[in-house]
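A short write-up of the structure that comes next.
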Amino acid sequence: MSDTPIDSSKRTWLIASGCAGAVGGVATAVPFVSTFQPSEKAKAAGAAVEVDISALKPGEKMTAEWRGKPVWIVKRTPEQLADLPTIDSQLADPKSERKPNEFTPVYARNGHRSIKPEIFVAVGICTHLGCSPSDKFVTGAQPSLPADWKGGFLCPCHGSTFDMAGRVFKNKPAPDNLEVPPHMYLSDSKLLIGEDKKA
């Protein structure tokens with residue numbers, strides 16, 4: 001080992017080179033690691049969206065976004081569920097038989113159009129011209145609604161009405177029930193919208 005003193009300019013140059021190399025390594029790694037996250041473009045194209053529904057109370061609705069569309073998650077009350085079969089005769093497609101593959105997945109082809117009876121998941125876009133219906137959960141007579149209204153949704157654009165399962169009433173402009181998107185439960189409080197098959 002030599003006792004020759006190290007040239008301070010070389011030392012400075014070596015330290016600076018090492019720091020620049022480290023900064024360059026981090027700058028290269030950050031974009032690479034970020035590619036593991038779904039991009040905004042991928043999300044818009046249909047990447048699944050995870051939603052925490054633990055705070056949702058009976059009679060409440062929350063909205064998530066999937067493929068740039070509003071997706072409603074409604075926790076129906078026991079009364080709202082009990083009312084569903086009583087209005088079948090007033091509905092255009094009570095059993096979701098029209099375009100079932102397009103609007104209603106197999107697991108939602110039931111009277112409540114959902115996996116769990118109390119949780120309703122639907123794309124909040126009217127099947128007529130793409131307007132977004134309003135919540136009309138209060139029962140009884142109201143403007144633009146019948147006197148025996150049991151709760152549901154009203155599209156203000158052209159007057160289409162849907163029940164608490166997103167089923168369209170007869171003689172309305174909307175031709176079909178509201179779409180039920182692909183979805184599945186990750187747990188009792190976590191819902192995955194946009195995917196319904198476990199890998």
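Bear in mind that the values in this text are calculations on the coordinates, not laboratory data. These numbers were taken from a predicted model, which means no experiment stands behind them. Counting neighbours? That spans all protein chains shown, and the Cβs are built from the backbone with ideal geometry, glycine included.
About the Cα centre, and with charges only on the beta carbon of Lys, Arg (+1) and Asp, Glu (-1), how big is the dipole of segment 51-111? Nearest 20 debye, please.
160
By how many nm would the segment from residue 99 to residue 187 lengthen if fully extended, with 0.36 nm per residue of separation less the alpha-carbon distance?
28.7 nm
For a quick check: sort 135, 83, 163 by the number of other beta carbons within 10 angstrom, fewest at the front. Present the calculation step by step, with values, prior to reporting the outcome.
Numbers: 135 14, 83 18, 163 25.
Fewest-to-most ranking of 135, 83, 163: 135, 83, 163.
Between residue 67 and residue 147, what is 0.36 nm times their sequence separation minus the Cα-Cα distance? Round to one decimal in nm.
Extending this stretch completely gives an extra 25.2 nm.
How many nm is it between the label spots at residue 60 and residue 107, if each spot is 7 Å from the Cα in line with the beta carbon?
Result for the modelled spin labels: 2.4 nm.
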